[in-house]
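The values are calculated or read from the model by the stated rules, or taken from the named source; none is laboratory data. Everything quoted here is computed from the prediction, not taken from an experiment. Note: ideal-geometry Cβ built from the backbone for every residue, glycine included; neighbour counts use all protein chains shown. These area figures cover heavy atoms from the full protein model, side chains too; ligands, DNA and RNA do not enter into them. Shrake-Rupley method; radii C 1.70, N 1.55, O 1.52, S 1.80 Å.
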Amino acid sequence: MAYQKPTGTQDFLPGMVEKWQFVEEKARDLCRRFNYREIRTPMFEQTELFERGVGETTDIVEKEMYTFKDKGDRSMTLRPEGTAGVVRSYVENKLYGEPDVSKLYYIGPMFRYERPQAGRYRQFHQFGVEAFGAVDPAIDAEVVSLGYQFCKELGLQGVKVEINSVGNPASRAAYREKLLEFLTPMKDNLCKDCQSRMERNPMRVLDCKVDQDKFVNAPSILDSLDEECTTHFEQVKQYLTDMGVDFYVNHRLVRGLDYYTHTAFEYKAQGIGAIDTIGGGGRYNGLVSEIGGPDQPGIGLGLGLERILLILDKQEIELNAVKPLDVYFVALGEAADREITKQLYQARKEGLSAERDYLGRKMKAQFKSADRMNAKITAILGDDELERGEIALKFMATGEQQTVNLNELVAKLKEFAEKA
């Protein structure tokens, strides 16, 4: 039987993995600069956490979760998104007791049972941040700008931010009546999902991809915001303008999760067909208390790494993620082979990337191997050179050769590698 990877999953092979590492390192460096600290949560949690935290009327909970019974007959679910697990950890570990705003980030796999297509997989990876404890619109703008800067520093072209305010419970209740008044006459012409959501959460209807063209004239929630919500949204927009973040207001943007309040946003980039959303997020002032913690405000974002890497490829943006090898050792003779093994280990101990031949190939084939690995230097040692305590170095970019003392080899290699 020939085994194959599960539908909707991928193998990341050498060459591609380095691109992933490059993107992840960029995310970690950016979070360091924005003062966000990494958190790692389990890949599966109690099913009820996602039902309460994500929202029972969402596509994720209704259709897409990987749910199973464990051996204790408990219902568990592979995490479909990152925020609910981070909030659970924030509550369980009483991070709300810290005197400063809790600013956290995560990078890892998520799982949703969806129809696989370009940029959409059943196992996918997200980079996300969450900030707890502040209602200041400046933290909203900070989170939005972090995701925007991440895309810009990777070189993504044409990235824009869509923002909206989904208000607070009071303003949403007022908007709900206006929206139902607009939707009710067309109910019979809407898809079954929309008809169901009209009864439970009418705002979710606007997130439908099937009937999107029917909602062009839908009322704007911005007209139903109270003074507090309006002021908050205006301040967020002003901060983003001051930062130079390229954004525009989309009054029909509601995002796909039920826990958002006030600011909601998405990042858009062209390059993967009809699906142009690479991530998004928003404020969730009621989620911490919903999951059993104190009434603490929060805001976060999540970005799909598969989609980002796919767009980078479509836009032909070279990441230069595969780093060249510092030195490739070539041995000619049995005694030289033993010495090379020692020198190879010493070079690696000192932080150099180094390799040698293990297939007993002739010198010409070893040089070809050094070329394939993009080695900066090839170090050639024969038995005659070994007797003299010397080794020949060939600088692959220029073809220049130099002989150095074996006792000074690693120090010289470090010196040359730093200059290259």
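Springs between alpha-carbon atoms under 10 Å, Gaussian network over the chain: tell me which of Gly82, Gly282, Gly292 tops the mean-square fluctuations.
Comparing Gly82, Gly282, Gly292 in the GNM, the peak value goes to Gly292.
Percent of accessible area on the chain owned by carbon and sulfur, 1.4 Å probe? Before the final figure, lay out the partial values.
Working: 10030 of 21350 Å².
Looking at the chain in its full context, I get 47 percent from C and S.
Run the simple label-point estimate for Ala411 and Arg176 please: 7 Å along Cα→C-beta, distance reported in nm.
My value for the distance between the label points is 7.6 nm.
Using only Cα atoms, locate the centre of segment 344-406 and the centre of segment 171-245, then give the distance between them in Å, rounded to an integer.
65 Å
With Kirkwood's inverse mean 1/r over C-alpha pairs for Rh, give me the Rg to Rh ratio of segment 207-251, two decimals please.
Details: Rg = 13.6 Å, Rh = 12.6 Å.
That ratio is 1.08, to two decimals.
Under unit Cβ charges (Lys, Arg +1; Asp, Glu -1), what dipole magnitude, rounded to 20 debye, does the chain have relative to its Cα centre? Can you show the working numbers first?
On the way: 57 positive and 67 negative charges, 199 e Å.
About 960 debye.
So which chymotrypsin sites (Phe, Trp or Tyr not before Pro) in segment 319-385 end up in coil per DSSP with only 13 or fewer other C-beta atoms within 10 Å? Numbers along the way, then the final one.
On the way: sites: Tyr328, Phe329, Tyr345, Tyr358, Phe367; in loops: Tyr358.
Sites meeting the loop and neighbour criteria: Tyr358.
State the Cα centre-to-centre distance between segment 269-319 and segment 1-50 in whole Å.
Comparing the Cα centres of segment 269-319 and segment 1-50, I get a distance of 13 Å.
Take the Cβ-Cβ distance between Glu234 and Asp100 as r, set R0 to 41 Å, and report the resulting FRET efficiency rounded to the nearest 0.05.
Working: r = 27 Å, r/R0 = 0.65.
After rounding, the FRET efficiency stands at 0.95.
How large is the Kirkwood hydrodynamic radius of segment 1-75, in angstrom, based on all distinct alpha carbon pairs? Don't skip to the end; give the middle numbers.
Values: mean 1/r = 0.0610 Å⁻¹.
Here the Kirkwood hydrodynamic radius works out to 16.4 Å.
For n ≥ 4 DSSP H runs only, could you compute -39500 (n - 2.57) per run for the chain, divide by its residues and tell me the 222 nm figure to the nearest 500? If you can, show how the numbers build up before the last one.
Working: 13 runs with 152 residues, N = 420.
Calculated at 222 nm, the ellipticity per residue is -11000 deg cm²/dmol.
Work out how much length His251 to Arg361 would gain on full extension: take 0.36 nm times their residue separation and subtract the Cα-Cα distance, in nm to one decimal. It would help to have the intermediate numbers written out before the result.
On the way: separation 110, 0.36 × 110 = 39.60 nm, distance 6.59 nm.
Separation in residues times 0.36 nm, less the Cα-Cα distance, equals 33.0 nm.
Separation between the Gln195 and Lys342 pseudo-spin-labels, each 7 Å from Cα along Cα→Cβ, expressed in nm?
The answer from the label model is 8.2 nm.
Which of the three applies to segment 1-157, rounded, prolate or oblate, going by the alpha-carbon gyration tensor with a ≥ b ≥ c and a/c under 1.5 meaning rounded?
oblate
By how many degrees, 0 to 90 and rounded to 10, does the Cα axis of helix 363-372 deviate from the longest principal axis of the chain?
20 degrees
What share of all Cα pairs of the chain, in percent, falls into each consecutive 10 Å distance bin?
Calculated over all Cα pairs of the chain, the distribution is 4, 18, 24, 20, 13, 10, 7, 3, 1, 0 percent.
Could you give the semi-axes, largest first, of the ellipsoid that matches segment 72-149, computed as the square roots of 5 times the alpha carbon gyration tensor eigenvalues and rounded to whole Å? Working shown, then result.
Numbers: eigenvalues 144, 81, 13 Å².
Its equivalent ellipsoid spans semi-axes of 27, 20, 8 Å.
Based on the Cβ-Cβ distance of Asp295 and Ala392, what FRET efficiency does E = 1/(1 + (r/R0)^6) give at R0 = 45 Å, to the nearest 0.05? Present the calculation step by step, with values, prior to reporting the outcome.
On the way: r = 71 Å, r/R0 = 1.58.
Result of the calculation: an efficiency of 0.05.
Report the FRET efficiency, 1/(1 + (r/R0)^6), for Ser75 and Lys152, where r is their Cβ-Cβ distance and R0 is 45 Å, rounded to 0.05.
Numbers: r = 41 Å, r/R0 = 0.92.
So, using R0 = 45 Å, E works out to roughly 0.60.
For segment 269-420, list log₁₀ I(q)/I(0) at each q in 0.12, 0.19 Å⁻¹, using the Debye formula over Cα point scatterers of equal strength and ignoring solvent, two decimals each.
-0.64, -1.07
In whole angstrom, how long is each semi-axis of the equivalent ellipsoid of segment 169-293, when you take the square root of 5 times every eigenvalue of its Cα gyration tensor and sort them from largest down?
Values: eigenvalues 116, 78, 47 Å².
Semi-axes (√(5λ), whole Å): 24, 20, 15.
For segment 325-420, run through the trypsin sites (Lys or Arg not before Pro) and keep only the ones in DSSP coil with at most 14 other Cβ atoms within 10 Å of their Cβ.
Numbers: sites: Arg338, Lys342, Arg348, Lys349, Arg356, Arg361, Lys362, Lys364, Lys368, Arg372, Lys376, Arg388, Lys394, Lys412, Lys414, Lys419; in loops: Arg361, Lys362, Lys376.
Answer in residue order: Arg361, Lys362.
Taking the chain as a Gaussian network, Cα atoms linked when under 10 Å apart, which of Asp242, Asp276, Asp337 shows the biggest mean-square fluctuation?
Fluctuation is largest for Asp337.
Would you mind getting the accessible area per residue of segment 243-355, heavy atoms of the protein chains only, 1.4 Å probe, in Å²?
41 Å²
Mean-square fluctuation check for the chain, GNM, Cα pairs under 10 Å: which of Lys314, Lys268, Lys103 is largest?
The residue with the greatest mean-square fluctuation here is Lys314.
Given Cα positions, please report Rg to Rh for segment 38-80, the hydrodynamic radius being the Kirkwood one. Kindly include the intermediate steps, with their values, before the conclusion.
Working: Rg = 10.7 Å, Rh = 10.8 Å.
Taking Rg over the Kirkwood Rh, I get 0.99.
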